[in-house]
Amino acid sequence: MRPILATIHQTALTHNLHVVRTHAPHAKIMAVIKANGYGHGLINVANALNQADGFAVLGINEAVTLRQAGFAQTLLLLEGVFNAEELTVAAIHHLDLVIHALPQVEMLEAAHLIKPVCIHLKMNSGMNRLGFSPTEFMAMYQRLKACQCVREITLMTHFATADTPIGIAEPLVLFKKTIDGLKEAVSLANSAIILRHKVAHADWVRPGIMLYGASPVTGTSAAAFHLQPAMTLSSEIISIQTIQAGESIGYGSRFTANKTTKVGIVACGYADGYPRHAGQFPTPIYPHGAPIAVDGKMTQTLGRVSMDMLFCDLTDIPNANIGSSVELWGEHVSVDSVAEACGTIGYELLCAVAQRVPFKVIA
Ligand SMILES: *Cc1c(COP(=O)(O)O)cnc(C)c1O
């Protein structure tokens, strides 16, 4: 069997949930497990995070899967429902809905449900993606408050700049002004807010990336927040080439050696979800590629990532051989450091791990 493997560490997930609790001890935790648990496997993640007060997903099928697997927590659909049939299913399975646009309000007003549903009414606080503007918000609240199909209303927004130096002071004031006088639960905080903006913890927090042990803030390591990586993507060296000065490797001959170089070929490529952009954003420590560990020793990728394989520099790891273990990311190599060398964020790499990569869950 091809040696690539994604190992999911349930103890890391549980530990990271505890870090959320430590930061926001008075809030209920809505663990965000959309995108197949940020690539870690929906049920794997939900099992490890069973102590969370709720789970947030996108697709109604994910929510129903969780309900049928026995999860009794609040289950929230982050984009709400897309038609009346889904609304019926949501009511049957006791799913909570984000309500962010007028057609969803009208759908609720026209519905006859077996049980009323709980909703999270979303305000647009400057992201300009989903939600009602501050001027529309109160009118929508009144309509939904009067709606027979609505049980409880939580007030929510999602800030655009929680992870940047701009912060959230201005949109937070706007949100508070908009909901002034309402006595409902409030939900504001993604990972960046949980870790950086205590003032906005409110009644529910919505951690995503921090649960998986990656950093929500570019340039700040997850380890600095005491988070543990929940996924190790590993493989092995399957071939070794020694090239001389002037020789090149891979498609486009993008890397040319300037001295005798021992090159390892790793069974992992972009069809496994490894970013093809590795090395296009060089850093002083890794001038040719992304960080990677071989037999626990740090080195870098070289040349262009191909569909099924990539290259790494073994010149300073003389004992490395065919069969040597490779960590693409995990304990030694943070997914954020790989992302940085690829001009992206850890979120994207974790979500992109391909279906053909086998998973192993360890407790
Ligand atoms: C994805 C998402 C989150 C989680 O964000 P992280 O940055 O991963 O913590 C929280 N709230 C909403 C509305 C989201 O879509």
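The values are calculated or read from the model by the stated rules, or taken from the named source; none is laboratory data. None of these values were measured; they are calculated from a predicted model. Please note: Cβ atoms are built from the backbone with ideal geometry, for glycine as well, and neighbour counts cover all protein chains shown. Only protein heavy atoms, including side chains, enter the accessible area calculation; ligands, DNA and RNA are left aside. Shrake-Rupley method; radii C 1.70, N 1.55, O 1.52, S 1.80 Å.
Looking at (1) over 17 Å from the mean Cα position of the chain (by Cα); (2) away from the ligand (no atom under 13 Å from the Cβ), which is the one condition that is false for His15?
Checking His15 against (1) over 17 Å from the mean Cα position of the chain (by Cα); (2) away from the ligand (no atom under 13 Å from the Cβ), the one that fails is (1).
List the helices (runs of 4 or more DSSP H) inside the range 59-112, counting only whole elements, that have at least 2 residues being open to solvent by 50 Å² or more (accessible area, probe 1.4 Å) and under 23 Å from Leu42 (Cβ atoms).
Per the criteria, 60-68, 84-92.
Of Tyr347, Tyr270, which residue is more than 12 Å from Leu233 (Cβ to Cβ) and within 16 Å of the ligand (Cβ to nearest atom)?
Within the list Tyr347, Tyr270, the selection yields Tyr347.
Could you please tell me which pairs satisfy a Cβ distance under 6 Å, a separation of 6+ or placement on different chains, a first residue in the range 335-363 that is closer than 16 Å to Pro291 by Cβ and polar (S, T, N, Q), and a second residue that is open to solvent by 20 Å² or more (accessible area, probe 1.4 Å) and within 16 Å of the ligand (Cβ to nearest atom)?
none
Please determine, by comparing only the residues of the range 8-27 that are without any contact (Cβ under 8 Å) to a residue 60 or more places away in the chain and over 19 Å from Val199 (Cβ atoms), which one is surrounded by the most Cβ atoms within 10 Å (Cβ to Cβ).
Once the filter is applied, the top-ranked residue is Thr14.
Go through the range 202-220 and report how many residues are surrounded by fewer than 19 Cβ atoms within 10 Å (Cβ to Cβ) and away from the ligand (no atom under 12 Å from the Cβ).
Qualifying residue count for the region: 3.
Yes/no per residue for (1) away from the ligand (no atom under 14 Å from the Cβ); (2) touching a residue at least 60 places away in the same chain (Cβ under 8 Å):
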residue	(1), (2)
Met140	yes, no
Phe159	no, no
Ala169	yes, no
Leu174	yes, no
Glu184	yes, no
Ser187	no, yes
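Quick test for you: out of Leu76, Leu121, Leu113, pick the one residue that is more than 14 Å from the ligand (Cβ to nearest atom) and hydrophobic (A, V, I, L, M, F, W, C).
Exactly one of Leu76, Leu121, Leu113 is more than 14 Å from the ligand (Cβ to nearest atom) and hydrophobic (A, V, I, L, M, F, W, C), namely Leu113.
Is there any pair linking a residue in the range 97-110 that is under 13 Å from Gly131 (Cβ atoms) and away from the ligand (no atom under 13 Å from the Cβ) to one that is basic (Lys, Arg) and assigned to a helix (DSSP H, G or I), with Cβ under 8 Å and at least six apart or on different chains, and which?
Val105/Arg143
Show the residue pairs meeting these rules: Cβ distance below 9 Å; 6+ apart or different chains; first residue within the range 226-251 and over 20 Å from Arg356 (Cβ atoms) and assigned to a strand (DSSP E or B); second residue open to solvent by less than 30 Å² (accessible area, probe 1.4 Å) and among the aromatic types (Phe, Trp, Tyr).
As it stands, the answer is Ser248/Phe255; Ile249/Phe255, since those pairs meet every condition given.
Take Val89 and decide whether it is in contact with a Lys or Arg (Cβ under 8 Å, 6 or more places away or on another chain), modelled with pLDDT of 95 or more and of a type outside the set (Gly, Ala, Ser).
Here the answer is no, as Val89 does not meet what is asked.
How about the range 284-363: which strands (runs of 3 or more DSSP E) wholly inside it have at least 2 residues that are crowded, with 21+ Cβ neighbours inside 10 Å?
Passing ranges, in order: 291-294, 297-302, 310-313, 325-329.
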